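Asker: Quick one: structure below, then a few questions.
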There are 2 protein chains.
Amino acid sequence: MTSLADYQAQRISLIDADLSLRREYLTLHLRSDKEVEADKIVRDIRALEAETIWKADYPSIPHPFPGMEFLTGKSIIMKTKMPKGALLHAHLDATVDVDFMLELAKKQPGMHVRVRHPLSKSNLATNLPEFRMLPQEQLSSVNSLTDLSYPLGSWIPLENARSFFSSELGGAEGFDKWCIGSMSINPSEAYGTYNTLEKIWKKFGSVFQTSTNLFHVEPIFTEYVRQFFRSMIADGISYVEARINFTAKLMCGADGQNNVPHRVWLQVFEKVMNEVKDEMMQQGRGGEFLGARVRIFLFRFLAGLTGFDLVGPENTMQPLIYYAEQLLRFQERQKEESVDIPFIFHAGETTGDGTEADINLYDAILLGTKRIGHGYSLHRHPKLVETCRQKGLTGFDRNEILRLASSMPMHPLPALLNNGVPVALCSDDPAIFGSMGLTYDFFQVFIASEITGLSTLGALARDSIEFSTLEKEEKERALAAFERRWNEFIEYILVEYGRK
Amino acid sequence: MTSLADYQAQRISLIDADLSLRREYLTLHLRSDKEVEADKIVRDIRALEAETIWKADYPSIPHPFPGMEFLTGKSIIMKTKMPKGALLHAHLDATVDVDFMLELAKKQPGMHVRVRHPLSKSNLATNLPEFRMLPQEQLSSVNSLTDLSYPLGSWIPLENARSFFSSELGGAEGFDKWCIGSMSINPSEAYGTYNTLEKIWKKFGSVFQTSTNLFHVEPIFTEYVRQFFRSMIADGISYVEARINFTAKLMCGADGQNNVPHRVWLQVFEKVMNEVKDEMMQQGRGGEFLGARVRIFLFRFLAGLTGFDLVGPENTMQPLIYYAEQLLRFQERQKEESVDIPFIFHAGETTGDGTEADINLYDAILLGTKRIGHGYSLHRHPKLVETCRQKGLTGFDRNEILRLASSMPMHPLPALLNNGVPVALCSDDPAIFGSMGLTYDFFQVFIASEITGLSTLGALARDSIEFSTLEKEEKERALAAFERRWNEFIEYILVEYGRK
């Protein structure tokens, strides 16, 4: 008869064999005693909070559970001090608090606003503001969007529109709320109003359409980028690969002239980055920010192709194979010109199995993508999982607000982690979902699995640096800086939450 | 430069490598031309229906989509004629239409009913009927459960209670509705009222508690079992492994005496099975029904262990490892007695990762389970997936009503199919969910993936026979019978839906 002791031994070895592919297992034997202790502490806190925090009922949240729909549960989640490594997949125009962007806009005398339909209490959520910088303050006989005599479609200076916003609609405060709502998605919209993939993508699109005329104004853009860096640093992120959509040819200057070319956008980005770096140096925190790079992409529905990713809802737009010939030619041209602009494709951002969006995974990999953006359906493909384990990396975001997972327990991430696929957590469009930084993302991953511990989070953060487009030397520097901060973080846990 | 033609060739070979583990790929080259054609026909119908049927709005179903929450979308799904192979995981006490069971109960003069709290419109859903067979018709001065003078908790003959059910609560029809509701789960309950794992399991438990006193009455049981066989056959199922819970020691006889032992239950099961077999023979349909077996199991929370599965919510009850010593001894005793009662454990019926319910998968496999009941979290475990691919089999049900997947696109099944794990679709508790037979289950699988075609369904049906507990010879006979019916089904598709 198999003794219980023999059985226990077999059991440990089977569990070990099953989990041995996980990235953190590669370095488990290298962990310091302190990390082992800190890991135990945070696991205990998780278990305790599962009972004390997540089983309590909150006035606005009837049945919370760890890993619940993010927008609903967000207010329960607190910020952490963990160093997060790199943020590799975020769309620059959706990375800064919408409130902050609106404040920047208010400072521009040339910023105007209009509506095309009469505003009323019942249509505030769908009758959205249009913004535009104009060469000089427009003289308008009417100063309010909500006045009966307001000529629909005419531009009114932002400050006037705000000051004279009807008190029935909440006055100036109501105006701010209306603007912010037009550029973000709230829980009842995400899980109620726009409860299908098509509808939520439509709302998602309208958010960008509204905010783009604020974002594309040089003085706003400049301070926006600065705030982006500062808030990422505050959250423990030390390197960023941001994505800019270059469909708009020109940005608007402070004078309201639409004449700022792409080249200048990149110059502003670099200038601000260097200023923030200096700022950090002067504070003796140089190791906390290693810089940022811009990734360019084009919308999936554009024919001319000059960038290296295509973006838009994969389920309804043309798949990668449609552009295969152009993409192969683009690679060839790079060789001819001796430049290296790697592909970093969105792919598999879908629940479909064998659909075009799912099949994009094959094409992304065959075309030599450096990383896979999302890869939500990747875990279903044994061969691709193997390929990605050996050489690839997946960028992940919660994808739950855009109707893919209904909550973290249904997210495919644990399957990829158990299969040893390197993963970098990404926030994608944090401003729209109100999830600034990466703390929320690391938190959601941490509570979605009992296997996941502190060392898993460390492995994820290291991989985000490892699989960035940083050069070898920069990467080594970034990893060394990370290790220093990681050890400080371990110390912090032990001191703050360890045995007293 | 890689030519587009080269690229296309690489692409086909990558997709092929990725999908080559799938069970139906083993026999793709053996398919008849007719099956290839029929496969194309049903794929075309699926694509057409995705537009015509699933994109339409229905009065009671605002946003249907293929694979939506099952209870909501059920009415859109039609029955098919496909032979389904075997049903390997179904709890006998939840396999027959609740309406049918109530009709059987009405025929028993000894059947009585009571409530413990006054019935009202507002508490009908939670103030449930209790049923009981009593030795002789109880004389009661009050004939109605809803009369003001009804002494709470006293037994009233079922027929009286029904006839005199208050017209305010719907009269006799309202009585039927109330009884049926107490023994099944409807969409608004599944997705609204009981919207957490704990709550839906509680409702699930109360359903069994109510129905068990009808089920455990010999004359009802007899006709229930007959109806079970007949309805399975009508749905194209030709062999069944049913589970009976043997916690109740005795069943009630027609005379209201509680004295029918387990041995007799099994005799009734076998007697009715043989009668139905004869019935089918006489109709010249002998090949359509090959029989049934009973599997015994015990509730997880019972200490004494005599059966070979444990059942109950895995997330809150004791895990398999808790019983490891007893289970090892049970195996040893079987060897000593030269009997063979294989383990067929429930395991991994959870969204958890590394939780006790998830870890049950390791123990089920180490203890040599013949199949895994549910295995909802199996796809996340690379080593276990490999083991199951080589020798195992997973039983699956939609698991969506019990809060695991929110809809088919989020179901882990496609991941297992792509990994080549043999799967048998099972209906588990069809009566409670109103999903009699396996048609709904095959349909949901078919529409949840574009990779899945007719031949996938055939492979699933064949595997349900292959991995049953039938002896070698019986199995061969069952498979041969299946092939005959499968070819008839192909013919039917070609004739009915093929080019006219």
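Where a number appears in this text, it was derived from the coordinates with a stated rule and is not lab data. Everything numeric here is computed off the predicted structure, so don't read it as measured data. With ideal geometry, Cβ positions are generated from the backbone for all residues, glycine too; neighbour counts draw on all protein chains shown.
Asker: Per residue of the range A:173-178, what does 6.51 cos²θ - 1.76 cosθ + 1.60 with θ = phi - 60° give for ³J(HN,Hα)? Whole Hz please, x for Gly and Pro, Karplus curve as stated.
Answerer: Values, residue by residue: 5, x, 4, 4, 4, 5 Hz.
Asker: Kindly state, to the nearest 0.05, the FRET efficiency for A:Lys34 paired with A:Lys391, given R0 = 41 Å and r defined as their beta-carbon distance. Show your work: numbers first, answer last.
Answerer: Details: r = 33 Å, r/R0 = 0.80.
For A:Lys34 and A:Lys391, the calculated efficiency is 0.80.
Asker: Would you kindly derive the ³J(HN,Hα) couplings of the range A:117-134 from the backbone phi angles with the Karplus curve 6.51 cos²θ - 1.76 cosθ + 1.60 (θ = phi - 60°), listing them in order in whole Hz, with x for Gly and Pro?
Answerer: Per residue, the Karplus-derived 3J(HN,Hα) values read 10, x, 7, 8, 3, 7, 10, 4, 6, 10, 8, 8, x, 10, 9, 7, 7, 10 Hz.
Asker: What are the residues whose amide H is under 5 Å from the amide H of A:Cys426, where those residues sit 5 or more places off or on another chain and H is modelled from the backbone?
Answerer: Placed amide hydrogens put A:Phe396, A:Asp397 under 5 Å from A:Cys426.
Asker: Explain nothing, just the number: dipole magnitude of the range A:216-285 about its Cα centre with +1 on each Lys and Arg Cβ and -1 on each Asp and Glu Cβ, in debye rounded to the nearest 20.
Answerer: Its charge dipole is roughly 160 debye.
Asker: I would also like to ask the following. With a 10 Å radius around each residue's Cβ, average the other Cβ atoms per peptide and rank B:358-364, A:254-260, highest first. Let's see the in-between values first.
Answerer: Details: B:358-364: 25.9, A:254-260: 15.6.
The most tightly packed comes first, giving B:358-364, A:254-260.
Asker: Moving on. B:His112's amide H: which non-local residues (gap 5+, or another chain) put their own amide H closer than 5 Å, with H modeled 1.01 Å from N in plane and none for Pro or chain starts?
Answerer: Under 5 Å from the amide H of B:His112: B:Arg132, B:Met133, B:Leu134, B:Leu158.
Asker: Give me a single rounded figure for B:221-233: the average over its residues of other chain Cβ atoms within 10 Å of their Cβ. Before the final figure, lay out the partial values.
Answerer: Values: counts 0, 0, 0, 0, 0, 0, 0, 0, 0, 0, 0, 0, 0.
So the per-residue partner count for this stretch is 0.
Asker: Quickly work out the B:Lys271-to-A:Gln209 label distance, labels modelled 7 Å from Cα along the C-beta direction, and quote it in nm with one decimal.
Answerer: Label at A:Gln209, label at B:Lys271, 7.2 nm between them.
Asker: In nm, to one decimal, how far is the modelled label at A:Asn123 from the one at B:Ala172, with both set 7 Å along Cα→Cβ?
Answerer: It works out to 5.6 nm between the two label points.
Asker: When Cβ neighbours within 10 Å are restricted to other protein chains, what is their mean count per residue of peptide A:451-464?
Answerer: Across the residues of A:451-464, the mean count of other-chain Cβ atoms within 10 Å is 1.
Asker: Tell me the distances, shortest first, between A:Ala480 and the same position across the other copies, using label points 7 Å along Cα→Cβ, in nm to one decimal.
Answerer: Taking the point 7 Å beyond Cα along Cα→Cβ, the inter-copy spacings are 7.6 nm.
Asker: Could you sort A:43-51, B:365-373 so that the peptide with the highest average Cβ count within 10 Å comes first and the rest follow in order?
Answerer: Details: A:43-51: 13.0, B:365-373: 22.1.
Highest mean packing first, the order is B:365-373, A:43-51.
Asker: Using only the alpha carbons of the range A:111-183, determine the length spanned along each of the three principal axes and report them from longest to shortest in whole angstroms.
Answerer: Principal-axis extents of the Cα atoms in the range A:111-183, largest first: 32, 26, 20 Å.
Asker: What is the mean number of Cβ atoms from other protein chains located within 10 Å of the Cβ atom of each residue in peptide B:10-18, rounded to a whole number? Let's see the in-between values first.
Answerer: Values: counts 2, 8, 1, 1, 9, 8, 1, 6, 11.
Average neighbour count from other chains, rounded to a whole number: 5.
Asker: Shortest first and in nm to one decimal, what separations exist between B:Ile341 and its copies in the other chains, measuring from label points 7 Å along the Cα-to-beta-carbon line?
Answerer: Reported distances to equivalent positions: 7.1 nm.
Asker: Using the Cα gyration tensor of the range B:179-271, with a ≥ b ≥ c the square roots of its eigenvalues, what is the shape: rounded (a/c below 1.5), prolate (a/b larger than b/c) or oblate (neither)? Provide the component values of the computation, followed by the final result.
Answerer: Values: a/c = 2.32, a/b = 1.46, b/c = 1.59.
In terms of gyration-tensor shape, oblate.
Asker: Around A:Ile372, which amide H atoms from residues at least 5 apart in sequence, or from another chain, sit under 5 Å from its own amide H, with H modelled in the peptide plane?
Answerer: A:Leu393, A:Thr394, A:Gly395
Asker: Quick one: with label points 7 Å out along Cα→Cβ, list the inter-copy distances for A:Gly286 in nm, shortest first?
Answerer: Distances between equivalent label points, in nm: 9.1.
Asker: Same structure again: Determine, from the Cβ-Cβ distance of B:Asp16 and B:Arg484 and an R0 of 30 Å, the FRET efficiency 1/(1 + (r/R0)^6), rounded to the nearest 0.05.
Answerer: Given R0 = 30 Å and the Cβ-Cβ separation, E is 0.45.
Asker: Quick check for me: using +1 on Lys/Arg Cβ and -1 on Asp/Glu Cβ, what's the dipole size of the range B:1-51 about its Cα centre, in debye to the nearest 20?
Answerer: 140
Asker: Which GluC sites (Glu not before Pro) in the range B:132-202 sit in a loop by DSSP (not H, G, I, E or B) and have at most 16 other Cβ atoms within 10 Å of their own Cβ? List each step's numbers first, then the result.
Answerer: Working: sites: B:Glu137, B:Glu159, B:Glu168, B:Glu173, B:Glu189, B:Glu198; in loops: B:Glu137.
Loop-located and lightly packed - B:Glu137.
Asker: If you don't mind, there's one more thing I want to ask. Is the range B:131-242 best put as rounded, prolate or oblate by its Cα gyration tensor, with a ≥ b ≥ c the root eigenvalues, rounded for a/c under 1.5, and otherwise prolate when a/b is larger than b/c, oblate when not?
Answerer: oblate
Asker: Here is a follow-up. Quick one: Karplus J couplings for the range A:10-21, per residue in order, coefficients 6.51, -1.76, 1.60, θ = phi - 60°, nearest Hz, x for Gly and Pro?
Answerer: Coupling constants for the range A:10-21: 4, 5, 4, 6, 5, 4, 5, 4, 5, 9, 5, 7 Hz.
Asker: So if I place +1 on the C-beta of Lys and Arg and -1 on the C-beta of Asp and Glu, and nothing else carries charge, what would the dipole magnitude of the range A:111-183 be about its Cα centre? I want it in debye, nearest 20.
Answerer: 200
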